[in-house]
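J.: Have a look at this one.
The values are calculated or read from the model by the stated rules, or taken from the named source; none is laboratory data. Since this is a predicted model, take the numbers as computed values, not measurements. We place every Cβ from the backbone using ideal geometry, glycine too, and count neighbours over all the protein chains shown. What goes into the accessible areas is simple: the full protein's heavy atoms, side chains included, and nothing from ligands, DNA or RNA. Shrake-Rupley method; radii C 1.70, N 1.55, O 1.52, S 1.80 Å.
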Amino acid sequence: RADDAPSEADISREAILYDPAAPTAGNPKGDLTIVVFFDYNCPFCKQAEPELERLVKTDGKIRLVYKDWPILTPDSIKGAQWALAAKYQNRYDAAHFAMMGIPGPKIPAERMREAIAKSGVDMDRLDADLKAHGDDITNLLRRNLAQADSLGLMGTPAYIVGQYRVTQALNYEGFKRVAADARARAKK
């Protein structure tokens with residue numbers, strides 16, 4: 001095994017839910033965690049994103065964990081790297097929503113970069129942070145890939161909602177239902 005290859009600890013349930021390098025949103029003390037594996041070039045991810053965000057906002061007790069999983073195109077990798085570099089200036093959300101807001105699949109890296117710049121991210125700092133933290137970002141992306149593989153995920157989007165694995169885009173009602181089911185199951 002290569003020294004930088006993900007370990008068993010990197011694919012544990014604990015690592016999937018609580019990797020300190022993974023961006024999070026929602027309520028940090030929420031009673032339910034939703035983990036989302038996505039790609040910035042996935043049209044189904046983009047379709048489900050506002051529905052999931054609506055649930056997180058209206059529910060108020062959900063902790064959301066973002067797993068950048070750039071598997072669709074080489075430009076997806078650039079997008080994930082930029083989003084994760086934006087985290088160092090507390091602008092992950094801005095970069096994430098900017099790229100998720102670009103319609104269609106197979107978005108060229110230049111369009112992603114333009115969208116990030118328009119979102120107010122300091123691009124000079126983004127480039128500096130990507131250079132300074134590139135190894136950490138690459139290692140996080142490797143862990144995300146290993147975690148997705150360990151869960152048997154075949155594509156994006158994929159969600160871990162409590163004990164449930166959901167491998168399709170959902171609408172608001174679908175997210176609401178699976179969150180309620182996950183909470184009910186956790187009480188048993």
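J.: Helices (runs of 4 or more DSSP H) wholly in segment 109-188 with at least 1 residues that are touching a Lys or Arg at 6+ places or on another chain (Cβ under 8 Å) and under 21 Å from ARG63 (Cα atoms) - which ones?
T.: Qualifying helices (runs of 4 or more DSSP H): 123-150, 172-187.
J.: May I ask you to list the residues in segment 119-138 that are under 16 Å from TYR92 (Cβ atoms) and either of a type in the set (Phe, Trp, Tyr) or open to solvent by 80 Å² or more (accessible area, probe 1.4 Å) (or both)?
T.: Scanning segment 119-138 gives ARG125, ASP136.
J.: Taking the options PRO105, PRO70, name whichever one is over 29 Å from GLY30 (Cβ atoms) and not in a helix (DSSP H, G or I).
T.: Result: PRO105 is the single residue among PRO105, PRO70 that is over 29 Å from GLY30 (Cβ atoms) and not in a helix (DSSP H, G or I).
J.: I'm trying to understand the selection: among the residues of segment 41-86, which are open to solvent by 50 Å² or more (accessible area, probe 1.4 Å), within 14 Å of LEU170 (Cα to Cα) and in contact with a helix residue (DSSP H, G or I) (Cβ under 7 Å, 6 or more places away or on another chain)?
T.: GLU51, ARG54, listed by residue number.
J.: Here is a follow-up. For segment 150-182, how many residues meet the condition of being out of contact with any Pro (no Cβ under 9 Å at 6 or more places or on another chain), open to solvent by 50 Å² or more (accessible area, probe 1.4 Å) and either hydrophobic (A, V, I, L, M, F, W, C) or under 23 Å from PRO105 (Cβ atoms) (or both)?
T.: Of the residues in that region, 3 qualify.
J.: List pairs: first residue in segment 9-26 and at positive phi, second residue open to solvent by 20 Å² or more (accessible area, probe 1.4 Å) anywhere in the structure, Cβ distance under 6 angstrom, at least six positions apart or on different chains.
T.: Filtered contacts from segment 9-26: GLY26/ARG63.
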